[in-house]
Structure formats: structure tokens, C-alpha cells
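Below is one structure, written out as C-alpha cells; comments come after it.
Just so it is clear, none of the values below were taken in a lab; they were calculated from the coordinates. No experiment lies behind these values; they were computed from the predicted model shown. Neighbour counts are summed over all protein chains in view; Cβ atoms, including those assigned to glycine, are modelled from backbone coordinates with ideal geometry.
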Amino acid sequence: MKTPIYMDYQATTPVDPRVLEAMLPYFSDTFGNAASRNHAYGWTAEEAVDKARQQIASLMGASPKEIVFTSGSTEGINLAIKGVAEMYGAKGKHIITSQAEHKAVLDTCMHLEKQGYEVTYLKPDKTGRTTAEDVAAALRDDTILVALMWANNEVGTVNPIREIGALCHEKGVIFFTDGTQAIGKIPCDVEADNVDIACLSAHKIYGPKGVGALYVRRRKPRVRLVAQMDGGGHERGMRSGTLNVPGIVGLGKACELCEQELEAEAKRAAELRDYMQELITSELDHVHLNGHPEHRLPNCLNLSFNYVEGESLLMGISDVAVSSGSACTSASLEPSHVLRSMDVGDDLAHSSIRFGIGRFTTKEEVEFAAKLVIENVKRLREMSPLYEMVQEGIDLSTVQWQAEH
Amino acid sequence: MAYSDKVLDHYNNPRNVGSMNKDSKDVGTGVVGAPECGDVMKLQIEVEGDKIVDAKFKTFGCGSAIASSSLATEWIKGKSLDEAEQIRNTEIVEELSLPPVKIHCSVLAEDAIKSAIADYRKKQDDES
């Protein structure tokens, strides 16, 4: 077993060897520009891109013509939200999203607010979920877009996309979902799930970094976007720029593998996730699950270890590569905005750790990681004045703390 | 973030972890910080005459906070109350090579020392 053990699969994933193998010929042997219409180099590249388009569309129940290649989800999110806002701005200026969204969504919405758009940031429930009822209550006559993620990157909570999409279709509002963590991990079907626009990123599904795709619905309704990058009019005019053929081939192969292995992989990941949770909670008290107990990704386990600060725990378990919602691990010195939006107290947010189970995670790795976590939480609690106070029967919420922050 | 060797050493082998009887008149206790801020330090001193003969700490916080409080207990042991009061957070920053974002950990450690000394002095005043 190689250490540090990688358990940060929500941040990124390694390229699957089968994906890498598919990509390699397209760097130097078959290097043509897919937009070159006049020679075999271009045709071969275009064929490869078309195959990838098919593979990606198939994974999410779309038509290949509805796939636009991007550099990844941040670009996809920007293109979707700004593209819709610009295209339909004359119809209305209101957008609905959630406080638990990725920063790429939140910052894009804030950017639009400066340009005169109005944005409603829905507060999710304590599990991080936003329901169709929440959206219905926020809808206005001038709402043009609902942007809600398929699954949350920090806590893995899965939103009721099908219901939200149905509501949006009924009201004639475009529905964009950030599918970065969900597509390829859980069954996603843009038709059945009533999605109008969805983004994904190759590097979250065992493909390469720097390439992604945006699904843009062509029928019922036909969604139009204003391009955010001017140029040669590639990708039906929605995204100019020479296509990253090797990256796109990799993304296509990654999607194909996800589609083939989704069911078995999701089952295996969920078993390992639950096993890890069981190992940890059978040895430690005061462990809090962040996220929804049922509606969550099979590969994500976010736990808060009460009375232990997250960064100090990360130091102790440095043989396991994971992320924390603790402020101390972020550049901003603010605890996770996702956990805050869910009303997880700042004290618990500081104590949170996200464990990701991936395609290459083994049972042995899970056992090793769980053991390390248990040992270190016990050690740090011995050192924790908060744990001591709780053992003495003191209610921490009644303590007058001496702090200016 | 890379930690200095000294921070790692204090984190892995913290000195003087533990608790003293806070009701003893020879013991001064300081608790600073708040759980919401991600840092709580408890520092205790046992005093004989004017001298700190023992010190203990417990800290909820990041590695730098644990190291700062561990170092603080090491430094104040054997010092007089007046000497211990002179310890500045900047000395802790320097000793542990703390980066700018971790300076608040050293401030907290300085506050914890002062708070423990103040608690001890208050007890003595209340006695007499």
C-alpha cells in the first residue's frame, strides 16, 4: 500500500490507464485540427471528437449534437449562467440558485448582480438539499434561470433534480445543473431528469484536467446561449477555440467507462463509504455526519469530529490525503460556506473532514485510514479543553468565551 | 501548507499536556479563544512563592495553536510571574517560524499566559 493514501476524489481523480491509452495517439500521430475540413488529418480528428461526443451524450441521455466542449466545469458554469443571462436578459433579470453551490456558480451570480441582475440564493436544509418547493416559492414572473447543482462537492448531498426540472419546465424557466460531482457517479439522464443545461469536468471522472463538456438542450425547449468567447465559431457558435482533441478523446473514454461501470462502481463505493463510517463511529463518540443520510453520493463521506480542529487532525493523518472544511485550511480563513449554509455550527465546520472513495480505493486503504483517524481523534481529544469540559458535564453553549475572533 | 520542524515536533510530542486542579489556590487557569473561531487554549500554572513550578495546557486548534501553547508551557516553567508576563507573541512566532496566517495562534498563547497569571493573582488577592 502506497502512502499517502489518496482519498480526495471529489477534488480530482487520477487518469484511468485505459483513458490515457485512448488519448496517447492524438498527441503526435493523429494531431490534426478537428476544424480542418480539407484533409485527412482534420477528418481523423473530427471523427475522434464525434466519437467522444457520442460517448459523453450517452452517459447522460443526451444527443451528441447537444454537447459543447469546454475547458472544464468553471468555464461550463460561466458559459451557462452568463450565456443564459445575456440571451434572455430582455425577458427577465431574476436568477435562482443556492448558498451551497460551488464558488464558480456563486461568483458568477455575484458578477451578474453587479450588472443589474437579481439573484435569490436559497438556503438549503440542514442536509444541504434544496427542494422543488423551495424553488417554487422563489420563482417570479421575471425568473429566467434556476441554477442548482446535481450533487454537492463538499457533503455529497444529491438534489431532487427531476422534480426541480419538472417545475422549471412547467414554468418555462431554464434549468441549469452543475453535474460535476454527479454525472458518471450516479444515474443521470437529462431527458428523464428535465435538465436544460448541465456541465461536467473530465478530471472528476478519471479523465484529464483542462477539458469538460456542457450539455445544452436543443429541443423542448431549445436553449440558446450567448458565447462568452469570441472567435472561430466552433461548437455551434457557443464556444470558440480549437478543440483539445486528446483531452476530448480522454473525456469521451472516461464517460464510456463510467457508463459501463457505474452500477458496480457506485455499489462498491457506497459499501466502502458505509464501512468506513461504521469503523469510525463504532470507535468514536461525538461524530457528526454532514450531508444527507440517504440522498448522497456513493463516494463521499463528510464527518465532523466534535472537539477536534480539522487542520490539526489533517496533520495527524498526513498519510491520508483528504480535505477539511476548517477555516485554517483555506486561504480565506473562513470555514466552509457550504457547511455554514446548512447551519452546521462553525465549531463543527472547523472539525469537518471529507473522505472520498474512488475507483482505486481498496478495503485495506479504508481500514488504514479509519484506524489513523480514530487514533488521532482520540489523541487530540485528550489534548482538547473542549472535550474535557464536555466530559465534566459542561454545556459548551453556556460558556462565556474570551475571544475577539 | 508546510509546517516548520519545530511545529511538527511540538504537535507530535506536545510538552506538558494535561490539567491541574483549577480550584487549588496555587493554580492559575487561563482559557482563551472560542470554538467558533477554531481555537481554544487552556493554560494552567502552579506557583510557589513567585515562581511558576509547573505548567499544563490543553488546546483545541490547528497544529500551530497546539505548538504555540506547548512552547508557552515550556518557556514559562521555572520563570517568575513577572518574567513570564514579559513573553511576547513575536518570540513564539520567531521560535516556531509561524507564517503570517498563523500569528493569531501566538497571540492566543500570549493571552493564555497572561490570563493564567491574572487568575492566579486574583486568587491571592481574594485570599488576603
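For the segment B:24-36, counting C-beta atoms of other chains within 10 Å of every residue's C-beta and taking the mean gives 4.
Neighbour counts of C-beta atoms inside 10 Å place B:121, A:37 in the sequence A:37, B:121, starting with the fewest. Computed from label points 7 Å out along Cα-Cβ, the spacing between residue A:395 and residue B:2 is 4.8 nm.
Counting, for every residue in B:5-12, the Cβ atoms of other protein chains within 10 Å of its Cβ and taking the mean gives 1.
Note on chain A: with a GNM built from Cα contacts shorter than 10 Å, the maximum mean-square fluctuation among A:38, A:159, A:290 falls on A:38.
Within 10 Å of the Cβ of each residue in A:378-390, the mean number of Cβ atoms contributed by other protein chains is 5.
Straight-line reach from residue A:93: taking Cα to Cα under 17 Å and skipping same-chain neighbours fewer than 8 places apart, the aspartates and glutamates in range are A:107, A:113, A:118, A:141, A:142.
Within 15 Å, Cβ to Cβ, of residue A:66, how many net charges do the neighbouring residues add up to if Lys/Arg are +1 and Asp/Glu are -1? Display every interim value, and only then the final one.
Values: positive: A:53, A:65, A:217, A:218, A:219, A:220, A:222, A:224, A:236, A:239; negative: A:50, A:189, A:191, A:193, A:196, A:235.
That sum, taken over residues with Cβ under 15 Å, equals +4.
Charges on Cβ only, +1 for Lys and Arg, -1 for Asp and Glu, centred on the Cα centroid of chain A; of A:356, A:315, A:3, which one is farthest towards the dipole's positive end? Among A:356, A:315, A:3, the one farthest towards the positive end of the dipole of chain A is A:356. Could you tell me how far the Cα centroid of the range A:103-174 sits from the Cα centroid of the range A:38-89, in Å? First find each Cα centre; the distance between them is then 23 Å. Structural descriptor for chain A: relative contact order 21 percent, calculated from alpha carbon pairs under 8 angstrom and at least 6 residues apart. Estimated from helices alone, the mean residue ellipticity of chain A at 222 nm is -12000 deg cm²/dmol (sum of -39500 (n - 2.57) over DSSP H runs with n ≥ 4, per residue). Straight-line reach from residue A:185: taking Cα to Cα under 17 Å and skipping same-chain neighbours fewer than 8 places apart, the lysines in range are A:204, A:253, A:267. Ranking of B:122, A:2, B:58 by neighbouring Cβ atoms within 10 Å, starting from the fewest: A:2, B:122, B:58. Here the protein assembly as shown is assigned +1 on the Cβ of each Lys and Arg and -1 on the Cβ of each Asp and Glu. Its dipole about the Cα centre then comes out at about 2060 debye.
Placing unit charges on the Cβ atoms only, positive for Lys and Arg and negative for Asp and Glu, gives the range A:17-258 a dipole magnitude near 240 debye about its Cα centre.
Arranged by the count of other C-beta atoms within 10 angstrom, fewest first, what order do A:398, A:12, A:157 take?
Working: A:398 6, A:12 15, A:157 29.
So the ranking, lowest neighbour count to highest, is A:398, A:12, A:157.
Measuring nothing but how far apart in sequence close Cα pairs (under 8 Å, 6+ apart) lie, relative to its length, the range B:5-120 scores a relative contact order of 31 percent.
How high is the FRET efficiency from residue B:25 to residue A:289, r the C-beta distance, R0 41 Å, rounded to 0.05? Before the final figure, lay out the partial values.
Numbers: r = 45 Å, r/R0 = 1.10.
With a Förster radius of 41 Å, E is 0.35.
Once you reduce the range A:339-388 and the range A:199-272 to the center of their Cα atoms, the two points are 32 Å from each other.
Once the Cβ-Cβ distance of residue A:236 and residue A:189 is raised to the sixth power relative to R0 = 25 Å, the FRET efficiency obtained is 0.65. About its Cα centre, the dipole of the range A:262-390 is roughly 260 debye, where the only charges are +1 on Lys and Arg Cβ and -1 on Asp and Glu Cβ.
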